[in-house]
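The block underneath contains the structure these notes are about, expressed in structure tokens.
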């Protein structure tokens, strides 16, 4: 695409030079004449504006697609992180005998709660409780408010508020 754009600019420059030569009554092509070639090396303001407009249009079409992909990637990472944390919580339950309480939260995976025996952590490498891809704390509840689940582990999504559709849960 850049080569095609360069060819268009060269054609514009040549046609401008030919028109100038015709107006001055010169028979030779301006590129062949050393005096005119020396003066015709730069681009006009109009040519530069055309390039800027074309680049702006390309960026205008490409940027939204890239941002959509980025948003979709974060949602995918949130699903994977919740699945990984679910397996870590299962390991915690095997060691301790129960899932962490709502009060203990996911911090129980990092530091041993005071009233828990057989804690073999830390269960995650971080020194803080895990956060979702938008740097919001995960919502953890034990017991679950949803039927069929032992606990709730949810990301509140990009907004960071409990707005239903944006939640990503186990």
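So how do 130-138, 57-65, 144-152 stack up, highest first, on mean other-Cβ count within 10 Å? Spell out each step's value before the answer.
Numbers: 130-138: 16.7, 57-65: 9.9, 144-152: 12.3.
Per-residue mean Cβ counts within 10 Å order the peptides as 130-138, 144-152, 57-65.
If one computes P(r) from the Cα atoms of the range 56-118, what percent of pairs lie at distances over 19 Å?
Values: 1014 of 1953 pairs.
Tail fraction, whole percent: 52.
Roughly speaking, what is the stretch gain from residue 120 to residue 59, that is 0.36 nm per residue apart minus the C-alpha to C-alpha distance, in nm to one decimal?
On the way: separation 61, 0.36 × 61 = 21.96 nm, distance 5.15 nm.
Fully extending the segment from residue 120 to residue 59 adds 16.8 nm.
Report the FRET efficiency, 1/(1 + (r/R0)^6), for residue 146 and residue 84, where r is their Cβ-Cβ distance and R0 is 22 Å, rounded to 0.05.
Working: r = 20 Å, r/R0 = 0.90.
About 0.65, to the nearest 0.05.
Could you list the square roots of 5 times each eigenvalue of the Cα gyration tensor of the range 74-169, that is, the equivalent ellipsoid semi-axes, sorted largest first and rounded to whole Å? Display every interim value, and only then the final one.
Values: eigenvalues 102, 42, 25 Å².
That gives 23, 15, 11 Å for the three semi-axes.
For the pair residue 131/residue 68, report the inter-label distance in nm, with labels modelled 7 Å from Cα in the Cβ direction.
Going from the residue 131 label point to the residue 68 one covers 2.9 nm.
Readers should treat all values here as calculations from the given coordinates under stated rules, not as data from a laboratory. Just so you know, these numbers come straight off a predicted model, no measurement behind them. Every residue, glycine as well, gets a Cβ built from its backbone with ideal geometry; the counts of neighbours run over all protein chains shown.
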